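Below is one structure, written out as structure tokens; comments come after it.
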Amino acid sequence: MKKPIFFKTDEEIELIRQNCLLVSKTLALAGSLLKVGITGDKIDKLAEELIRDHGAVPGFKGYGGFPSTLCISVNDQVVHGIPSNIPFNSDDIVSIDCGVLNNGYYGDAAYTFAFPEVKNEVIKLLEVTKVSLAKAIEMSVVGKRIGDIGFAVQQFTEKVHGYGVVRELVGHGIGQNLHEAPEVPNYGRRGKGVLLKKGMVIAIEPMINLGVKEVRHSSDGWTIKTKDGSPSAHYEHSVAIGLDSADILSDHSIIEEAIKNNAELVGISPKK
Ligand code: MG
Ligand code: MG
């Protein structure tokens, strides 16, 4: 049986927004902490403190047995990386995904950061992935369908730029559960799939590989890596479906402000 879609009231959307803003704040903290030599472990610990100081709890920790507050996925790690004690290098890209739970609702967002020695072709991958998220959000309005969102991502990243669009992992509805219906794939056909309606809140999260689309599971039981070892980018927003435009509940601008103030990171600010 198909899982039901839970439609949210305006009040519920505000609760989800508060959580998404705390997620964004946590990712901004990560963006201010990321330095060559610091470890994911350290950032994870401080992220958890920030979330708990706000009276919320980490949404990922303990979810299906996941051990940490953040998913930190480096270079060829696509998603679900476990923060480790390996220091970051000056040529790493670092995808950080964060969820929080408060007042019975979740928030979810992600951002891929880059150190200064990351190759131009990889910076381009990050820029294109970020733009694909924006294109997907443009489709997140009443009357469009889930396939329009996936098509927007796939068309731009795969057709225009030749990147690999991960198929095994998808975006999702979000609310009282971290993962709700509908699934939000990063590939699809225009005009197909679930009809978007007012009250739907979805997390859109393109996971795009510089090389092939295929991924493999690591022996730690969590980390997803690209099959060919190529780097992978991941940007995520939680959005409420709107009449004329989507209501973006998470906020990348405060993350980008932190990056601007961190001399050890380079900004990902694509021109559309
Ligand atoms: Mg996420
Ligand atoms: Mg998500």
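On a per residue basis, the convex hull of the C-alpha atoms belonging to the range 170-226 measures out at 102 Å³. When both the range 83-114 and the range 226-272 are represented by their alpha-carbon centers, they are found 12 Å apart. Ordered by solvent-accessible area of protein heavy atoms (1.4 Å probe), largest first, the residues Glu257, Glu214 come out as Glu257, Glu214. Counting only the Cα atoms, the range 10-260 fills a convex hull of 109 Å³ per residue. What does a probe at Ala263 reach in the range 82-108, counting residues whose amide N is under 18 Å from the point 7 Å along Cα→Cβ? Residues 90-91 fall inside that zone.
The listed peptides 193-206, 18-31, 36-49, 235-248, ordered by packing as a protection proxy, come out as 18-31, 193-206, 235-248, 36-49 (highest mean of other Cβ atoms within 10 Å first). Accessible surface computed residue by residue for the chain, with neighbouring protein chains in place and a 1.4 Å probe, gives 43 Å² per residue.
Of the residues Gly65, Val94, Gly147, the one whose Cα sits farthest toward the positive end of the charge dipole of the chain, with +1 on the Cβ of Lys and Arg and -1 on the Cβ of Asp and Glu, is Gly147.
Size of the range 47-193: Rg and Dmax of its alpha carbons, in Å, are 16.5, 47. 3J(HN,Hα) along the range 101-117, derived from phi through the Karplus expression 6.51 cos²θ - 1.76 cosθ + 1.60 where θ = phi - 60°, amounts to 10, 7, 6, x, 10, 9, x, 7, 7, 8, 8, 9, 9, 9, 7, x, 8 Hz, with x in place of Gly and Pro.
Amide H of Leu196: which non-local residues (sequence gap of 5 or more, or other chain) have their own amide H closer than 5 Å, using H built in the peptide plane? For Leu196, whose amide H was placed from the backbone, the distant partners under 5 Å are Gly143, Lys144, Arg145, Ile146. The charge dipole of the range 187-234, taken about the Cα centre with unit charges on the Cβ atoms of Lys, Arg (+1) and Asp, Glu (-1), comes to about 420 debye, rounded to the nearest 20. Carbon-plus-sulfur accessible fraction, the chain (probe radius 1.4 Å, protein heavy atoms only): 51%.
Basic side chains Lys and Arg get +1 at the Cβ, acidic Asp and Glu get -1 at the Cβ, and with that the dipole of the range 1-112 about its Cα centre reaches some 180 debye. Taking 0.36 nm per residue of sequence separation and removing the Cα-Cα distance, the Thr39/Lys192 pair yields an extension gain of 50.8 nm. This model, with +1 at the C-beta of Lys and Arg and -1 at the C-beta of Asp and Glu, gives the chain a dipole about its Cα centre of some 900 debye. Note that the range 117-272 carries a Kirkwood radius of 16.1 Å, evaluated over its alpha carbons pair by pair.
The values are calculated or read from the model by the stated rules, or taken from the named source; none is laboratory data. It should be emphasised that the depicted structure is a prediction, and the values quoted were computed from it without experimental measurement. Because the Cβ atoms are built from the backbone with ideal geometry, glycine has one as well, and the counts that use them run over all protein chains shown. Keep in mind that these areas ignore ligands, DNA and RNA; they rest on the heavy atoms of the full protein, side chains included. Shrake-Rupley method; radii C 1.70, N 1.55, O 1.52, S 1.80 Å.
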